[in-house]
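Here's the structure we're looking at; comments come further down.
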Amino acid sequence: MISTGKGYGKVILFNEHFVVYGIPAIAAAISKFVKVEITEGEKLEIFDERIKRKNDMLEMRILEIISSNMGIDLSGRPLKIVISGDLPLGSGLGASAATCVALSRALSGHFNLGLSDERINELAYLGEKVYHGNPSGIDNTVSTFGGVIWFERDKKVENISLGEELHIVIGDTGKPSSTKKAVDKVRLKKEKEEEKFEEIFRRARDLIFEARKYLEEGDLEGVGDCMNRDHELLREIGVSCKDLDLLVDIALKNGALGAKLTGGGLGGNMIALARDKNHQNMLAKEFEKKGFKSLKVKVG
Ligand code: PMV
């Protein structure tokens with residue numbers, strides 16, 4: 001018997017980084033996913049088909065933490081665990097969280113635990129901590145629950161219903177993004193520039209309520225404008241980079257309603273809001289003409 005678990009990738013639509021400091025953020029699940037399959041094997045093994053690696057130390061550690069918190073003792077259990085999926089790794093689309101969610105779900109299925117989404121989310125968060133140190137929990141939450149979420153650290157998550165669906169193009173700088181490095185950079189900069197950060201945080205807090213309203217009303221121009229302003233705030237705290245700014249520039253010059261970096265930054269991905277499906281195709285082509293990879297996703 002095969003037990004399968006899936007975890008979806010995500011884009012952060014608004015307020016990555018600010019969310020670490022208790023400011024609300026909005027994220028959306030995307031249709032790219034990580035899959036974990038568990039069968040009885042000869043010994044305990046993890047095959048990660050995405051990186052073509054067997055028994056990766058970090059993944060073994062995450063398995064240990066998640067399973068022991070489920071009350072499962074894996075010593076002497078000959079499980080074959082296979083990780084696969086089409087969600088790109090290491091680029092701010094939430095692959096580490098999606099892996100933890102998929103693994104928690106597959107284990108819950110294999111051991112007939114019937115765990116709730118709330119519990120899966122808690123377990124995935126424990127795994128995320130191994131990857132990132134002090135994550136806000138936004139990635140595992142959106143990966144577990146799907147849809148579009150309003151997320152505030154240590155508060156109950158809310159679902160947001162969109163007035164209009166969003167046609168988004170993800171532009172990839174091709175440079176790896178280390179969330180931990182970016183989060184550390186913000187923390188150090190904040191310690192040095194306390195007053196400036198207070199002002200930026202205030203603007204990020206105001207902006208998120210405005211963004212939510214536009215999303216719910218289906219006011220795409222308003223959503224785009226908030227994305228542009230959010231990118232500016234993220235630039236001010238030092239997590240953009242030349243290629244992210246270039247992609248934002250290409251998007252806006254080609255009529256995107258808004259564009260911003262998404263996830264940790266300093267590399268990784270950005271998102272651009274297109275007017276409709278045709279415009280989405282056009283923007284994706286423009287990114288590719290300039291040598292960047294792109295991914296088209298629909299949200300809502
Ligand atoms: O995992 P990433 O790169 O999508 O970034 C997560 C979002 C941050 O706000 C930068 C960190 C966090 O823990 O919320």
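So if I place +1 on the C-beta of Lys and Arg and -1 on the C-beta of Asp and Glu, and nothing else carries charge, what would the dipole magnitude of segment 213-268 be about its Cα centre? I want it in debye, nearest 20.
Computed charge dipole of segment 213-268: roughly 220 debye.
Determine which residues of segment 246-288 fall in the zone a paramagnetic label at K196 would reach in this model, i.e. backbone nitrogen under 16 Å from the point 7 Å along Cα→Cβ.
Flagged as within label range: none.
Looking at this model, which pairs from K6/K298; K192/K213; K181/K213; K175/K277 are more than 22 angstrom apart at the alpha-carbon?
K192/K213; K181/K213; K175/K277
First compute the accessible area of segment 150-291 with a 1.4 Å probe, then give the percent of it belonging to carbon and sulfur atoms.
Details: 3370 of 6980 Å².
Heavy-atom surface of segment 150-291 belonging to carbon and sulfur, 1.4 Å probe: 48 percent.
In whole percent, what relative contact order does segment 121-229 give with Cα contacts below 8 Å and a gap of six or more residues?
Computed value for segment 121-229: 24 percent relative contact order.
As a test of the formula, what do you get for the chain when each DSSP H run with n ≥ 4 contributes -39,500 (n - 2.57) and the sum is divided by the residue count, at 222 nm and rounded to the nearest 500 deg cm²/dmol?
-14500 deg cm²/dmol
Which value, in Å², gives the accessible area per residue of the chain when a 1.4 Å probe is used on the protein heavy atoms?
On a per-residue basis, the chain sits at 44 Å².
Remind me, relative contact order of segment 177-283 in percent, using alpha carbon pairs under 8 angstrom and six or more residues apart?
29 percent
In segment 165-216, with Lys and Arg counted as +1 and Asp and Glu as -1 at Cβ, which of these residues, I170, L188, Y214, has the Cα nearest the positive end of the dipole, that is, farthest along it?
It is L188.
Please find, in a Gaussian network model of the chain (springs between Cα atoms separated by less than 10 Å), the residue of E16, E191, E158 whose mean-square fluctuation is greatest.
Largest GNM mean-square fluctuation: E191.
Per the 1.4 Å probe, what fraction of the accessible area of segment 1-143, in percent, lies on carbon and sulfur atoms?
50 percent
In whole percent, what relative contact order does the chain give with Cα contacts below 8 Å and a gap of six or more residues?
22 percent
Ranked highest first by average number of other Cβ atoms within 10 Å, how do 165-176, 238-249 line up? Intermediate values should be presented prior to the final figure.
Values: 165-176: 21.4, 238-249: 19.3.
The packing order, highest mean first, is 165-176, 238-249.
Using a Gaussian network model of the chain whose springs link C-alpha atoms within less than 10 Å, name the residue from F209, F151, F201 with the highest mean-square fluctuation.
Of F209, F151, F201, the Gaussian network model singles out F209 as fluctuating most.
Which net charge results for the neighbourhood of L247, defined as the other residues with beta-carbon distances under 9 angstrom from its beta-carbon, given Lys and Arg at +1 and Asp and Glu at -1?
Overall, the nearby charge balance is -3.
With +1 assigned to the C-beta of every Lys and Arg and -1 to the C-beta of every Asp and Glu, and no other charges, what is the dipole magnitude of the chain about the Cα centre in debye, to the nearest 20?
Numbers: 45 positive and 46 negative charges, 157 e Å.
Here the size comes out at about 760 debye.
Would you look at the GNM of the chain, springs on alpha carbons closer than 10 Å, and say which of K156, K290, K32 moves the most?
Sorting by GNM fluctuation, first place goes to K156.
The values are calculated or read from the model by the stated rules, or taken from the named source; none is laboratory data. Not measured: the values here are computed from a predicted model. When we count neighbours, we look across all protein chains shown, and the Cβ atoms used for this are built from the backbone with ideal geometry, even at glycine. Ligands, DNA and RNA are excluded from the accessible area calculation, which covers all protein heavy atoms including side chains. Shrake-Rupley method; radii C 1.70, N 1.55, O 1.52, S 1.80 Å.
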